[in-house]
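Worksheet: the structure to be examined is printed underneath.
Laboratory data are not the source of any read-out in this text; all were calculated from the coordinates shown. Note that the structure is a prediction, hence the values are computed from the model and not measured. So basically every Cβ, Gly included, is an ideal-geometry build from the backbone, and we count neighbours across all protein chains shown.
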Amino acid sequence: MNNFSDNRDFMKSGFDLPEREFVSDQEKGIAPPPIEKDIDDFIDIIELPKVEETDLKNKNLFSCLCARRSRRKYTDNAISLMELSVLLWATQGVQKIIPAYKKTGHISLRPVPSAGGRQCFETYLAINNVAGLKAGIYLYRPLKHEVAFLYMVEDLPAKLIYAYGGEDYQAEARWLGHAPVVFLWSCVPYRGEWRYHMEAHRLMLLDIGHVCQNLYLACEALGLGTCAIAAYVQKATDELLHLDGENEYVVYISGVGRLPE
Ligand SMILES: Cc1cc2nc3c(=O)[nH]c(=O)nc-3n(C[C@H](O)[C@H](O)[C@H](O)COP(=O)(O)O)c2cc1C
């Protein structure tokens, strides 16, 4: 049997023994990091439609839960901007900002819970086919509910297929390359570490599960399909998004598309 037990230590009792002296930056009185990434290198900003105006195919949560499946077969038809707006809001939209309290920094409340409200993620979109949007890489700006068009990628489907399947699993990854939109969530670990030190890494990975589950349920409500992906090639995926792989890196992916009749 392989011995992985050292790698499990951070999940076990005793990891936070006093002699380890984990003192977070919050405890040291250091100012918190911002809620969302500051970007200045974008081509365009696109305001998203108000989610309240959407017409859901399935408004019943219980039937969405009953129907939820991972779906990898999509038609060539585009996703609408309204559908994209709902998916972004359901996964990372901001409902309320709680102003800084006891040095916690501003906290954003969203449809997904997050340990200590740290919300350590950025949502990138690889867009192949969303009505009204050019193909390319976008970043969701949750505070204003808008997307920033970052850059175009030559042969985006092939790059996505490689990011997921690498050299060896290109055929299996084909569906993702042609998905109308691919959600790629990065984490900015310092947002969690600032408050929770080492414990942050466990909490962030719990949090991202909530995010993707909301994508599944919102897709069911809209009559769209999605499938979570964790088996991607880390380096190729980080490079596709121009992430340094150190202070920001991809933690989860999910393709989204329109379902065949
Ligand atoms: C954490 C996680 C990682 C996953 N990674 C992949 C993946 O890399 N590729 C894939 O095709 N499906 C992936 N899936 C989808 C699972 O295969 C799917 O959820 C499972 O087979 C059960 O099917 P269901 O979601 O339709 O109930 C992943 C699901 C989860 C929750």
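Among Lys28/Lys144; Lys37/Lys96; Lys59/Lys134; Lys159/Lys235; Lys50/Lys144, which pairs are too far apart, with a Cα-Cα distance over 21 Å? Violating the 21 Å limit, Cα to Cα: Lys28/Lys144; Lys59/Lys134.
In what sequence do Arg110, Arg174, Arg141, Arg8 fall when counting other Cβ within 10 Å, fewest first? Don't skip to the end; give the middle numbers.
On the way: Arg110 20, Arg174 15, Arg141 23, Arg8 9.
Ascending Cβ contact count within 10 Å gives the list Arg8, Arg174, Arg110, Arg141.
Compactness of region 201-261, taken as the C-alpha radius of gyration over 2.2 N^0.38 Å, stands at 1.29.
Its alpha carbons give the chain an Rg and a Dmax of 18.9, 60 Å.
Taking 2.2 N^0.38 Å as the expected size of a compact globular protein, what ratio does the Cα radius of gyration of region 130-261 give against it, to two decimals? Show your work: numbers first, answer last.
Values: Rg = 15.2 Å, N = 132, 2.2 N^0.38 = 14.1 Å.
Computed over Cα atoms of region 130-261, the ratio equals 1.08.
Mean projected area of the convex hull spanned by the Cα atoms of region 160-223, taken over all viewing directions: 5.9 nm². Ranked by the mean number of other Cβ atoms within 10 Å of their residues, highest first, the peptides 45-57, 202-214 come out as 202-214, 45-57.
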